[in-house]
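Next up is a structure, given as structure tokens.
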Amino acid sequence: MNAKTLMSDTTLYRNWHLAATEHDVATTEFEWALLRFHEAFQRFCLQLGSTCGLGSLTYQELIILHVIRMQDRPKPVTIIARLLNRDDIPNIQYSLRKLVSQELITKIKEPQGKIYTYAMTEDGKSKVDKYATLRATLLTEQTASIDKIDEKLVVAARLISLLTGIYDEAGRISATYSLPEDIKES
């Protein structure tokens, strides 16, 4: 039995509450693959961070550090949150304080107004540059051997970006959604 037949055989999912139709099966398989990928990605990031002298950081702090390094421009917390599709500003601010206390980033008051931005310190740059070099050696050199990988990654990134918008919209709708009576009763 090939993978396509296996995924489309909804009888294999008859006890799975998230997979009543073939489309449900495909969606659920994608979601679970994404969850497993995220866990593997998180472990990978933390291990690389640890190897590069960033072992005291959480996954979220490590990702924030990379966002701040992006394009070598200081960023305010609102831009960091937007780039990460996060809305938990207090948690991001907590992470930023930790990164400042470890002297990986610096907090800069903009000349006009009350806005603060965050920029990399030389130590922070050095450590994330080591991370980038190790990542290239251990990951991208390996993935480069996959047939048409760049095209596949571009298509996958576009699909995930599109689905991110759909999931965000569905989440917004669900915040004001009332269960129909026939679902409440079951």
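The values are calculated or read from the model by the stated rules, or taken from the named source; none is laboratory data. For clarity, every value in this text was computed on a predicted model and none was experimentally measured. Ideal geometry is used to build each Cβ from the backbone, glycine not excepted, and the neighbour counts take in all protein chains shown.
State whether one or more residues within the range 120-138 are more than 20 Å from residue 64 (Cβ to Cβ), in contact (Cβ under 8 Å) with a residue 60 or more places away in the chain and either in contact with a strand residue (DSSP E or B) (Cβ under 6 Å, 6 or more places away or on another chain) or surrounded by 10 or more Cβ atoms within 10 Å (Cβ to Cβ) (or both).
Yes - at least one qualifying residue is present in the range 120-138.
While we're looking at this one, here's another question. What pairs come up if the first residue lies in the range 54-69 and is small (Gly, Ala, Ser), the second is surrounded by fewer than 22 Cβ atoms within 10 Å (Cβ to Cβ), and their beta carbons are under 9 Å apart, counting only those six or more places apart or on different chains?
Pairs found: 55/46; 56/50; 56/98; 56/102.
Separate question: Hey, does the range 81-93 have a residue that's buried (at least 16 other Cβ atoms within 10 Å of the Cβ), aliphatic (A, V, I, L, M) and in contact with a Phe, Trp or Tyr (Cβ under 6 Å, 6 or more places away or on another chain)?
Scanning the range 81-93, I find no residue that is buried (at least 16 other Cβ atoms within 10 Å of the Cβ), aliphatic (A, V, I, L, M) and in contact with a Phe, Trp or Tyr (Cβ under 6 Å, 6 or more places away or on another chain), so the answer is no.
Further question: Which of (1) exposed (fewer than 12 other Cβ atoms within 10 Å of the Cβ); (2) under 30 Å from residue 30 (Cα atoms) does residue 72 not meet, given it meets every other one?
Condition (2) is where residue 72 drops out.
Here is a follow-up. Checking the conditions here, which among 161, 178 is under 19 Å from the mean Cα position of the chain (by Cα) and among the polar types (S, T, N, Q)?
The match here is 161.
Still on this model: Say we look at the range 95-119 and pick out the residues that are surrounded by 14 or more Cβ atoms within 10 Å (Cβ to Cβ) and small (Gly, Ala, Ser); which of these is nearest to residue 75 (Cα to Cα)?
If we take residues in the range 95-119 being surrounded by 14 or more Cβ atoms within 10 Å (Cβ to Cβ) and small (Gly, Ala, Ser), then 119 is nearest to residue 75 (Cα to Cα).
When you go through (1) touching a residue at least 12 places away in the same chain (Cβ under 8 Å); (2) closer than 19 Å to residue 95 by Cβ one by one for residue 25, which number turns out not to apply?
Tallying (1) touching a residue at least 12 places away in the same chain (Cβ under 8 Å); (2) closer than 19 Å to residue 95 by Cβ, residue 25 fails exactly one: (2).
Of all residues in the range 43-65, count the ones that are of a type in the set (Gly, Ala, Ser), in a loop (DSSP other than H, G, I, E, B) and either touching a helix residue (DSSP H, G or I) at 6+ places or on another chain (Cβ under 6 Å) or at pLDDT below 95 (or both).
Selection size over the range 43-65: 1.
Let me ask you something else. Give me the pairs, please: first residue somewhere in the range 157-186 and surrounded by 10 or more Cβ atoms within 10 Å (Cβ to Cβ), second residue anywhere and outside any helix (DSSP H, G or I), beta-carbon distance under 7 Å, and either six or more positions apart or on two chains.
Short answer, once both residue conditions are applied: 164/85.
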